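First up is the structure itself, then whatever we jot down about it.
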Amino acid sequence: MRPQEKDYIPYFEYYINLIPEDDIISALKTNHQTVLDFIEDIPRQKLNYFYDDGKWTVKQVINHIIDTERILSYRALRFARGDNQKVLAFDEDLYAANANLTNTNIQLLADEFDSVRLSNILLFKQLSDKELLLKGHMASGEVNVLSLGYMLCGHAQHHINIIKERYL
């Protein structure tokens, strides 16, 4: 089952539409492998490259994918457990500015993404259809758990596309 337009805020639509699978577990698994394969193929000399002043490096973009994965999965867990208190937005630029990646290598980032995504696959595997349809409140509107799962995949895919287009 895929999320319906009524299940998410308009901002999510672009990201959700990047994912062709009609099943959240298939989507998470396929995108997991896509991201890992992509990270492995990034030329090492490009890791600290940024394409314009004020833009993130490739390592920062990969780290942003991981940070966002954690935040969105936390929201999915809260909503799946019936906690519908409004969750606050996060400032992705603040997170990027405060992530010390000096001693981080690409293998560590790949391992971290792998661990976080595997954990999220397990989370979504244990959710019932009823739990997937539970909604919660974000600062920008109401979304259901299923749409957050698709957003995990779409967000990662979006940034892979950006790296391919602008960095490599």
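Since every read-out is calculated from the coordinates, none of them should be taken as a lab result. Bear in mind the structure is a predicted one, so any value in this text is a computation, not a measurement. Cβ coordinates were reconstructed from backbone atoms using ideal geometry, including for glycine residues, and neighbour counts include every protein chain displayed.
Pairwise Cα distances in the stretch 1-56 exceed 15 Å in 65 percent of cases.
Structure remark: mean-square fluctuation, Gaussian network model of the chain, C-alpha springs under 10 Å; the largest value among His137, His32, His155 belongs to His137. Note on the chain: lysine pairs with Cα distance below 16 Å, sequence gap of 8 or more or different chains, count 9.
Test of understanding: in a Gaussian network model of the chain with alpha carbons linked when under 10 Å, which of Leu101, Leu72, Leu146 would top the mean-square fluctuation ranking? Evaluated over the chain, the most mobile residue of the options is Leu101.
Charge dipole (Cα centre; +1 on Lys/Arg Cβ, -1 on Asp/Glu Cβ; no other charges) of the stretch 5-166 amounts to roughly 280 debye. Our coupling estimate for the stretch 13-21, obtained by passing each phi through the Karplus curve with A = 6.51, B = -1.76, C = 1.60 and θ = phi - 60°, is 4, 3, 5, 4, 5, 6, 10, x, 5 Hz, Gly and Pro reported as x. Fully extending the segment from Lys55 to Tyr74 would add 4.2 nm, taking 0.36 nm per residue of separation and subtracting the current Cα-Cα distance. For the residues Leu152, Leu28, Leu94, a GNM of the chain with alpha-carbon springs under 10 Å puts the largest fluctuation on Leu94. Ordering Asn63, Ile19, Val116 by the projection of their Cα atoms onto the charge dipole of the chain, which places +1 on the Cβ of Lys and Arg and -1 on the Cβ of Asp and Glu, puts Val116 at the extreme positive end. Relative contact order of the chain, taken over Cα pairs closer than 8 Å and 6 or more residues apart, is 44 percent. Using +1 at the C-beta of Lys and Arg and -1 at the C-beta of Asp and Glu, which of Tyr51, Leu28, Ala97 has the Cα lying farthest in the positive direction of the dipole of the stretch 5-166? Of the listed residues, the answer is Ala97. Given in Å, the Rg to one decimal and the Dmax to the nearest whole number for the Cα atoms of the chain are 15.8, 47.
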